[in-house]
Amino acid sequence: MSRFRKKEELELLPGAVLEEDCQTLPETLPPMVGDDEADDHDDHEHDVTWTAVSHNTGSGNLLASWQRKPASWAVWLERLTLWLERPFNKLTGTPQLNPFYHTGTIAVLLTLVVGLTGFYIFLFYKYGYEESYLAVLRMNDQVFTRTMRAVHRYASGALVVTTLLHAYRTLFMERFRGQRWLAWVTGIVLTIIIWFAGVTGYWLVVDARAQLITDGFVRFLRSFTPWADRFVLWLTKAEFSGETWPIMLILLTLHVVLFLVVAYFFYLHIRRLSRAKWLPDIYLVIGTMLVLVLVAIVFPLRNLPAANSVRLPASITLDPLFLFYLPAEGGGVAPWLWGGLLLITAVATLLPWLTKDRAVAEATGAKSIGLPVVNIVMDRCTGCTKCALDCPYGAIEMVERHDDKPHKFIAIADPKLCVSCGICVGSCDGVAVSLGDSLPELLWDAVAMRLTMAKAKAPEQPIRVVFTCDRHAAQGARPFLAQNSPVMVADTAVEIITVPCVGTLPPDMMLRALDAGAHDVQIIGCPPDDCRNREGNLWAEKRITRQRVPRLKRDRANAPITAAWVAPDDFSTALNRPLPVADSPASKPDFMSARRMFSDISPRSLVILFVMMVVVLLAQVFLTDLPFSSRQVLNTAVIRTMVDNPVAAYDHLVLAEPERPFTLRLELDGEILTEQTYDLAAYASRTADPFVAEHNIAPGAYHVRLAFVAAPSGEVVTLIDETTEFEPGDIWRVVYEPRGFAKNPK
């Protein structure tokens with residue numbers, strides 16, 4: 001079985017013969033057709049066509065089995081989102097400028113920005129606690145480097161925001177089931193990795209904020225792993241020795257590796273998409289870059305004090321996008337926070353398998369059923385490749401044909417990759433592609449039945465057939481669908497027919513609806529780049545404007561077919577839109593122009609878009625730089641005592657036949673804070689886990705004692721015995737090894 005790759009710039013997949021297999025537009029002609037150079041292939045007929053399929057009375061009700069029934073929670077979430085987006089669409093005057101439709105591609109753009117600015121910053125970075133901090137400070141001395149660092153930070157935060165918005169949009173559109181589970185799961189993993197990468201970025205600065213990140217990481221290790229003590233000892237010994245550059249090198253390497261993993265998961269995220277769109281439209285690319293640079297110049301990053309290992313950080317500025325957990329640290333809230341996030345993540349990851357797509361209940365009253373998937377009627381397939389080319393998810397492939405048919409190829413469906421969008425139905429003018437076991441004529445049956453009913457109920461009124469998708473049906477079209485059909489709009493009887501996606505509609509079937517008595521046909525679909533099925537609205541628009549096969553026949557190019565590409569809550573406005581009128585008695589109405597999806601963008605709309613993007617980024621800048629003060633500093637000091645290898649230290653101090661087992665004990669004013677007993681097994685191996693004792697204490701003067709207590713004699717070997725004054729926020733640290741103490745108490 002050979003797979004033919006699909007390319008957007010080609011009308012057909014390689015190998016298809018124009019004259020034998022399909023109707024197409026010669027590549028030498030411009031995209032728009034309607035002049036004297038129109039192609040000569042519009043008159044080619046398949047064995048079965050939409051203009052000739054029979055009508056089986058009554059079977060039109062079965063079209064409901066093709067329609068997705070959205071979950072009530074998804075309908076509510078989308079309704080809320082549409083309400084929030086409506087002012088933006090009104091201000092710009094066109095929904096195609098709505099950046100919320102482009103969150104996925106904007107996220108890719110921001111990832112590129114983060115990568116490029118991060119590489120530039122890396123050129124000036126040094127390794128070591130003090131060296132790294134000073135390198136960051138020196139970046140602020142140069143305007144360009146300072147700006148690049150701010151762009152890196154702001155783009156990282158915006159990447160999190162756009163990723164979450166993209167996930168939210170995917171959620172309420174329910175684009176996570178079936179073959180789309182891979183995109184959904186990789187998106188969740190991608191978001192988590194982006195968060196980790198951002199935290200490590202803050203860590204690399206080695207300031208007071210990085211100190212709190214380190215403390216939080218130690219608490220995490222202590223709660224869930226046995227490695228916390230060794231990690232703390234490693235950090236402390238490196239600082240005492242002045243050899244901290246390996247730590248920063250490891251941290252930087254982790255930061256870079258996480259970014260590379262992010263890039264790889266972006267690939268996994270879209271690997272099942274045909275013609276994946278990587279970047280947003282050029283005006284959004286330019287606008288995003290200008291906004292980032294402008295805000296970075298006007299609002300450079302503020303530097304916090306350097307990390308101080310003998311003082312608790314008093315106050316920092318908090319970025320809730322990456323460091324949301326810091327306010328919960330040190331109390332009983334943190335386990336609930338992390339537990340709740342873990343539960344939400346687990347449920348979200350399993351969502352594709354916990355829920356299922358449902359079809360609208362059949363007219364017979366049957367229970368909701370699963371959505372039907374693509375089905376090829378083999379006897380009718382001419383191997384024209386249009387269905388395979390149009391499928392947004394690669395669910396159809398073309399293979400060589402070996403039966404008695406004269407065509408070279410035949411379409412083969414892969415149901416596991418199908419999302420039941422029906423775009424392939426609209427791409428086949430040979431009526432050879434369907435959803436489920438029903439024949440594709442089912443679509444025409446629904447139209448014919450509704451036309452017959454409308455004529456009977458409104459015999460004196462012109463009849464308009466309106467096709468819309470399940471998103472509109474669940475939102476703006478819902479009140480109209482609840483009324484008795486047909487719906488009266490002005491003096492026109494309107495029959496509204498819901499299909500899975502407007503891309504399901506074959507152009508020839510619209511013409512047949514006109515021939516069967518419809519006064520006009522209208523398509524009400526989603527705005528550009530906001531189709532639930534990615535390309536359904538785009539392909540529908542190109543077909544009825546004769547830019548993509550199958551398309552309207554040349555002699556019917558100006559048939560009374562119109563289209564409105566609006567948000568799902570704007571259905572009523574689209575429905576009441578007047579039909580085009582002729583400019584003069586000698587001319588005809590321009591229906592072709594009334595089908596266009598993309599309108600001209602005025603400079604005013606671009607200015608409004610730019611201002612709104614600035615406002616959004618400024619909100620992010622200020623909301624991710626919130627003052628945060630640790631209450632712990634006001635009434636807390638810390639005592640931290642470490643012994644690398646207690647067995648070796650005991651042997652070093654007790655030279656003659658030491659007693660064993662023994663206990664290492666930390667006392668404060670005679671009260672035991674921590675003690676650990678080492679038995680014969682540990683002594684025989686000559687190694688033991690490090691002794692790390694860390695306690696928060698109230699400020700004041702204390703007598704500190706660290707000593708070995710031998711058993712069974714009770715002999716005491718004292719390591720530390722002194723009185724120390726602890727001020728609020730002090731960290732008192734000491735490391736003991738066989739060669740002696742390393743100490744920096746204040």
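Structural remarks
- For the residues Leu258, Leu273, the requirement of being in contact with a Lys or Arg (Cβ under 8 Å, 6 or more places away or on another chain) and assigned by TED's automatic domain parsing to the domain that holds Ile188 singles out Leu273.
- Taken over region 563-586, the criterion of being in contact with a strand residue (DSSP E or B) (Cβ under 8 Å, 6 or more places away or on another chain) and either in a loop (DSSP other than H, G, I, E, B) or more than 30 Å from Leu80 (Cβ to Cβ) (or both) is satisfied by Val566, Asn576, Arg577, Leu579, Pro580.
- Residue in region 156-177 that is at pLDDT 95 or above, part of a helix (DSSP H, G or I) and closer than 15 Å to Ile121 by Cα present: yes
- Summed over region 548-583, residues that are within 25 Å of Asp470 (Cβ to Cβ), among the polar types (S, T, N, Q) and surrounded by fewer than 22 Cβ atoms within 10 Å (Cβ to Cβ) total 3.
- Residue check, Met453 touching a Gly at 6+ places or on another chain (Cβ under 7 Å) and either not assigned by TED's automatic domain parsing to the domain that holds Ala413 or not in a loop (DSSP other than H, G, I, E, B) (or both): no
- Residues that are in contact (Cβ under 8 Å) with a residue 60 or more places away in the chain and surrounded by 15 or more Cβ atoms within 10 Å (Cβ to Cβ), drawn from region 584-610: Met592, Arg595, Met597, Ile601, Ser605, Leu606, Ile608, Leu609, Phe610
- Residue count for region 314-334, restricted to those that are without any contact (Cβ under 8 Å) to a residue 12 or more places away in the chain, touching a helix residue (DSSP H, G or I) at 6+ places or on another chain (Cβ under 9 Å) and either farther than 22 Å from Ala197 by Cβ or among the charged types (D, E, K, R) (or both): 1
- Count of region 685-737 residues which are on the phi > 0 side of the Ramachandran plot and surrounded by fewer than 20 Cβ atoms within 10 Å (Cβ to Cβ): 3
- Which listed residue is outside any helix (DSSP H, G or I), at pLDDT 95 or above and of a type in the set (A, V, I, L, M), from Val205, Val189: Val205
- Of the residues making up region 140-184, those that are farther than 30 Å from Leu80 by Cβ, aliphatic (A, V, I, L, M) and crowded, with 17+ Cβ neighbours inside 10 Å are Met148, Ala150, Val151.
- Val189 over 18 Å from the mean Cα position of the chain (by Cα), of a type in the set (A, V, I, L, M, F, W, C) and surrounded by fewer than 19 Cβ atoms within 10 Å (Cβ to Cβ): no
- The set of residues in region 453-464 being free of Cβ contacts under 8 Å to residues at least 24 places away in the same chain and closer than 22 Å to Leu62 by Cβ consists of Ala456 alone.
- Counting only strands (runs of 3 or more DSSP E) that fall entirely inside region 289-407 and contain at least 1 residues that are surrounded by fewer than 16 Cβ atoms within 10 Å (Cβ to Cβ), the qualifying elements are 315-318, 396-400.
- Leu137 vs. criteria aliphatic (A, V, I, L, M), at negative phi, surrounded by fewer than 22 Cβ atoms within 10 Å (Cβ to Cβ) and free of Cβ contacts under 8 Å to residues at least 12 places away in the same chain: no
- Residue list for region 74-94, filter: aromatic (Phe, Trp, Tyr) and in contact (Cβ under 8 Å) with a residue 60 or more places away in the chain: Trp83, Phe88
- Within region 338-361, the set of residues being modelled with pLDDT under 90 and touching a helix residue (DSSP H, G or I) at 6+ places or on another chain (Cβ under 8 Å) comprises Asp357, Ala359, Val360, Ala361.
- Cβ-Cβ under 6 Å pairs, at least 6 apart or on other chains, region 155-171 side in the same structural domain as Val295 (by TED's automatic domain parsing), far side assigned to a helix (DSSP H, G or I) and among the hydroxyl-bearing types (Ser, Thr, Tyr): Thr162/Thr103; Thr163/Thr191; Leu165/Thr103; His166/Thr103
- Region 649-678 - residue that is modelled with pLDDT of 80 or more and either farther than 21 Å from Gly714 by Cβ or among the charged types (D, E, K, R) (or both) and, of those, surrounded by the most Cβ atoms within 10 Å (Cβ to Cβ): Arg665
The values are calculated or read from the model by the stated rules, or taken from the named source; none is laboratory data. Because the structure is a prediction, the values reported are computed rather than measured. Note: ideal-geometry Cβ built from the backbone for every residue, glycine included; neighbour counts use all protein chains shown.
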